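The block underneath contains the structure these notes are about, expressed in structure tokens.
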Amino acid sequence: MKKGIIISVSGPSGVGKGTVIEKLRSINPEFGFSVSATTREAREGEVEGESYFFKTKEEFENMIANDEIVEYDEYVGNYYGTPAVPLAVMCDEGVDVLLDLTIPGSLILKEMFGDQAVTIFLNPPSYEELEKRLTGRGTEAEEVVKQRLAHAEEEMAEADKFDYIVVNDDLDTAVKEIMAIIDKVKAE
Ligand code: 5GP
């Protein structure tokens, strides 16, 4: 059986990665999703095992030591990582897997998986729009929003290291573009 491909979506915080991935999954329920492990606290409404696997720092570091994590990154004071086994199982079953990763995370995966992985950089229509979205979300303290915005500027400079850049101005258009990318990669 042909292995599933790894579709990694990155971009600055607030660009709408979560929404884009949700929409891709609702249109194509056959997509798999890699649920990450993290040491950050759960936000309201987040479900253990669906949004994330919530771990203590010690638990996370044990997972790293035991090779249970394919890639991980530290982002604004917390660890985020991709659990190895679920990703391998989905790919072996021929399931195409979506991942929502930091920029270094996507670049590591690309290095590890080569042509089996496609990296997509989601850009906001403008920096001002990103600021508006991030402030309007209301899920984080002002200080965290500031940190995320400071990060975002650096992040947007990394876009050209990715296989594809998609601008998330209109959700449906961005999703269509990503579907076209996936179809093209699978046809290769
Ligand atoms: P949030 O706290 O907003 O849920 O996520 C913060 C950042 O961590 C986002 O940019 C998200 O893409 C990234 N992230 C989530 N899971 C993983 C993971 O498993 N590995 C890496 N490298 N980044 C992740």
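Overview of values
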quantity: Residues within the stretch 51-96 that are assigned to a loop (DSSP other than H, G, I, E, B), closer than 11 Å to Ser36 by Cα and either open to solvent by 70 Å² or more (accessible area, probe 1.4 Å) or among the hydroxyl-bearing types (Ser, Thr, Tyr) (or both), tallied; calculated: 1
quantity: Matching residues in the stretch 107-122 - criterion: being open to solvent by less than 30 Å² (accessible area, probe 1.4 Å) and either closer than 18 Å to Lys184 by Cα or assigned to a strand (DSSP E or B) (or both); calculated: Gly114, Ala117, Val118, Thr119, Ile120, Phe121, Leu122
quantity: Sole exception among (1) outside any helix (DSSP H, G or I); (2) more than 12 Å from the ligand (Cβ to nearest atom); (3) buried (at least 19 other Cβ atoms within 10 Å of the Cβ) for Leu24, by number; calculated: (1)
quantity: Inter-residue pairs, beta-carbon under 6 Å, first of a type in the set (Phe, Trp, Tyr) and in the stretch 18-33, second not in a strand (DSSP E or B), 6+ apart; calculated: Phe31/Arg25; Phe31/Asp96
quantity: Of the criteria (1) farther than 17 Å from Ser10 by Cβ; (2) of a type in the set (A, V, I, L, M, F, W, C); (3) open to solvent by 50 Å² or more (accessible area, probe 1.4 Å), which one Val167 fails; calculated: (1)
quantity: Number of positions in the stretch 73-91 that are out of contact with any Ser or Thr (no Cβ under 7 Å at 6 or more places or on another chain) and either within 8 Å of the ligand (Cβ to nearest atom) or without any contact (Cβ under 8 Å) to a residue 60 or more places away in the chain (or both); calculated: 8
quantity: Complete set of residues in the stretch 123-158 that are in a loop (DSSP other than H, G, I, E, B) and within 30 Å of Val185 (Cβ to Cβ); calculated: Pro124, Pro125, Ser126, Ala157, Glu158
quantity: Some residue of the stretch 125-135 being more than 16 Å from Val20 (Cα to Cα) and crowded, with 17+ Cβ neighbours inside 10 Å; calculated: no
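The values are calculated or read from the model by the stated rules, or taken from the named source; none is laboratory data. Since the model is a prediction, treat every value here as computed from it, not as a measurement. As a convention, Cβ positions derive from the backbone with ideal geometry for all residues, glycine included, and neighbour counts pool all protein chains shown. SASA here: full protein model, heavy atoms, side chains in, ligands and nucleic acids out. Shrake-Rupley method; radii C 1.70, N 1.55, O 1.52, S 1.80 Å.
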